[in-house]
1. Summing -39500 (n - 2.57) over the DSSP H runs of n ≥ 4 in the chain and dividing by its residue number, what mean residue ellipticity at 222 nm do you reach, to the nearest 500 deg cm²/dmol?
2. May I ask you to compute the full-extension gain from Leu102 to Lys245, defined as 0.36 nm times their residue separation minus their alpha-carbon distance, rounded to one decimal in nm?
3. When the dipole is taken about the Cα centre of region 8-278, and only Lys, Arg (+1) and Asp, Glu (-1) are charged at their Cβ, what size is it in debye, to the nearest 20?
4. Given that just one value was derived from the coordinates, which of (i) 17.8, 52; (ii) 20.5, 60; (iii) 18.4, 63 is Rg and Dmax of the Cα atoms in Å?
5. Expected output is a single nm value to one decimal: the length gained when fully extending between Ala52 and His253, i.e. 0.36 nm times separation in residues minus the C-alpha distance. What is it?
6. Along Cα→Cβ, 7 Å out, is where each label goes; now give me the distance between the ones at Glu272 and Glu150 in nm to one decimal.
7. GNM on the chain, C-alpha springs below 10 Å: top fluctuator among Leu80, Leu235, Leu129?
8. Would you please classify the overall shape of region 23-99 from the alpha carbon gyration tensor, given that a ≥ b ≥ c denote the square roots of the eigenvalues, rounded means a/c under 1.5, and beyond that prolate means a/b larger than b/c while oblate covers the rest?
Amino acid sequence: MGNSAAGTIVVTGATGGMGRVLCRALAERGFDVVLACRNIERGERLREEIAAANPGRRLRVLALDLSAMDSVRGFADVLLRTGEPLRGILNNAGIMAPRFELTPDGYETDVAVNCLGPLLLTRLLLPLLKPDGRIVNTISCTWRLGRIDEHFFRAGPERFGRFRTYGTSKLALLLLTLELIRRTKNLPPNVYAVDPGIVDTNMITLHKWFDPLADALFRPFIQSPEQGAATALHLITCRPAPAMKEEYWKNGHPVPPPASVRNHPLREWLWEETEKRLGIGL
């Protein structure tokens, strides 16, 4: 059991740019942290760094590959067996796949990692969340590029475009988060979607000839990982929890999504199909 009065928070993508910032900041604020990551060796190095600066915090590294639903279930089982209450889940991990690939479950990689994996993890860990528990899902400003249609779960390589596919996965996560907010209004957890803006991480480097030009054009708009993580950190730690509405957060403030998102014709279909495919329900 954790010994932190503040509580325990799960951070996915713990060793990434924003993940590292979030894990350090949470430990500094008195929280115990579960560092969820694919690379255990990198996770252990980060845990040691944070532990040296924050003695007394309980920091655990657990393997999690969001592209494989069996890995998500295995990760959740480890925590469920302890029965330890959770203060929150920061669904921070994300990927922008450079090419079309299918995961072991038959989903496009961005869709699995950015959308289906986080939703499955959240649903499995709901029993552990405290009455004031927080769920924070990281979306992206690229959701505006996304398109959800009946081919969402079985898109082929002919439909793949790096930015469009990534944006589609984030639009799906936004829609599912809004639906989760609607469906959990009478349940304990508080649910939020956060747009961190364009953050200076490895994800924005495309390894193309035009990278220097893109860097020069977009650098003024790019935020540091600390800036990008600030809103999620506020939502997961502040007391009391902000009011939960069908909106997303950006730069520390709630933003109402456009009617095209709130009233998306496939919003309920996406939720029901996701439930069916993942074998979950509320």
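1. It lands at -12000 deg cm²/dmol.
2. 48.1 nm
3. Using only the charged Cβ atoms, the result is roughly 500 debye.
4. Computed from these coordinates, Rg and Dmax of the Cα atoms in Å corresponds to label (i).
5. 69.0 nm
6. Taking the simple label geometry, Glu272 and Glu150 are separated by 1.4 nm.
7. In this elastic network of the chain, the residue with the biggest mean-square fluctuation among Leu80, Leu235, Leu129 is Leu80.
8. Values: a/c = 1.94, a/b = 1.33, b/c = 1.46.
The shape class here is oblate.
Here, each number is a calculation from the coordinates, and none is a lab measurement. Computed from a predicted structure; not experimentally measured. Note: ideal-geometry Cβ built from the backbone for every residue, glycine included; neighbour counts use all protein chains shown.
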